[in-house]
Amino acid sequence: MTANEKRSGERTIANAIALDILNSKFKIPPMPANGPKLMSIARKPIDQINIDDFVRIIDSDPGLLSLILQMANSSYFRGVDEICSLRSAIVRLGLRETIDAANLYFFQRMFPKIPEIEGFKIQEYWAFSWACAIAARRLGHPNLGMNVNPGELYIAGLLHGIGKLILAILYPFEFSKCIETAARLKKPLHSVELDEFGTADTNIGSRVLQIWHIPSRICTGIEYHPNPDLAPEKERNLAASLQYAYAVASMSGIGKTGDGSITFLESTWIARQSELPLSKNEVQETVVTEIQASLEEKSESFTGIAPEKHEPVSELESRDSQHQHVNNKRDSVSPKLKTTGGGSSKKGFFSWIRSLFH
C-alpha cells in the first residue's frame, strides 16, 4: 500500500467517525458567535487589534469575563488592588496575554464533561495545549523564516488535540486502551490510535474543526503535524511549526497528552532543513530557552498546572537518554499542583535545556 493510499484510508475512517459523531447522542457544540471573532483577533498583529472591539466581545460573555478577572487577580499577576474591570485586567495582564486567555477559556467551555480516563485528565490536556500554543506562536516570528501567521499558529497549537477529546467522549474504553498501550510501549499515541481505530485523533480533529469553519490551513496543519513531510506544500510550514512546538511543549513538563514518548527536537522536520534558522543549535537553544522561561513563569496562572521541575545536569548525557530520563520523570509526577522554586531550580532547569543542544 502506498503512502497516499494509506492516508486516504485514514481519512475515510476519520470521516466515518465524524459522521458517527453527527449521528450520535453527543452533538458537536455549535461554534458560538464570539468564537470566530476571538480567533480573528488572535490572528492579528498586536498593533492592528482594536481594543474596543475586544472589550465588547468579552463584556458580552459574563463567564469569560469572570475567568479573565480571576486570572488577573491570580498569584502571578496580582497587584496591590483587586481588578474588577476588563480594561484594568488588560492593563495588568497585557493585551496579548488577555487575548490568549480568552481563546483558551472559550474553547475549554465548549466541550461537555470528559470521562475519567487514567493518564488523560482534562486540566492537564488543556495545560499542554496552552503550552503548545505559546510555543507555536513564537515559532511564527519573522526572524525564524517559517512564513506562518503567529496567531494562526497559536490557534493551531491550542486546538491540535481536539480529536483526543472526541475519542475520549465517544469511545472512552478504546481510547483508554490506546493511552495504556502508548505508555507501556513508550510509543506516540497517534501511532497506537492507528492500530485501534484505523485513524488518528489528528485526522478526526481536523474534520471536527472543519465543521466549525476553522480556516482550512489550520485544519490541514493539525492533521499533518505528526508527519509534516506528507503535508501539502502550502501548509507544510504550519504543520512543521506545530510539530516543533509540540516537542518544545513536551519538554516543558506542563500537562500531559496521553503520549507514551517524547518527540525529539532533532527528529522534527524543521531540524532536518539545513536552510532554516531553527536547524542551527545556537538558534534552537535561544528560542527554546525563551519559550520555556515564559511557560514556567505563566503556566500556573493560565492553566492551574505548574511545570515539573528538572534537576541540574552535571555532565553531558546523550540526547536520547536525556529524553528518556524526562519521560520517566513525567510518568511518576504527582497530579497535585506544584509551585515553581527559586533561582536555584531555574538554573538547573535552564542547564537541562542547554544540554540538549550539545
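Computed from the Cβ-Cβ distance with R0 of 35 Å, the FRET efficiency linking ASP229 to ALA33 stands at 0.40. The largest-to-smallest principal axis extents of the Cα set in region 101-222 are 43, 29, 25 Å.
Gyration tensor analysis over the Cα atoms of region 45-163 returns equivalent ellipsoid semi-axes of 24, 22, 13 Å (largest first, whole Å). Entry for region 49-94 at q = 0.19 Å⁻¹: log10 I(q)/I(0) = -0.54, Debye formula applied to identical alpha-carbon scatterers, no solvent contribution.
Sum up the lysine pairs in region 142-265 that clear both bars: alpha-carbon distance under 20 Å and a spacing of 8 or more or different chains. Counting lysine pairs in region 142-265 gives 9. For an R0 of 35 angstrom, estimate the FRET efficiency from the Cβ-Cβ distance between GLU266 and SER75 and round to the nearest 0.05. For GLU266 and SER75, the calculated efficiency is 0.45.
Note on region 232-283: Rg/Rh from C-alpha atoms, Kirkwood Rh, equals 1.00. The alpha carbons of region 153-202 give a radius of gyration and a Dmax of 11.1, 32 Å, in that order.
Available extension along the chain between SER85 and SER294 is 72.7 nm, counting 0.36 nm per residue and deducting the alpha carbon span.
Throughout, read-outs are computed from the coordinates displayed, never taken from laboratory work. In this text the structure is predicted, and so the values were computed from the model without any measurement. Positions of Cβ are generated from backbone atoms using ideal geometry, with glycine treated the same way; all protein chains shown enter the neighbour counts.
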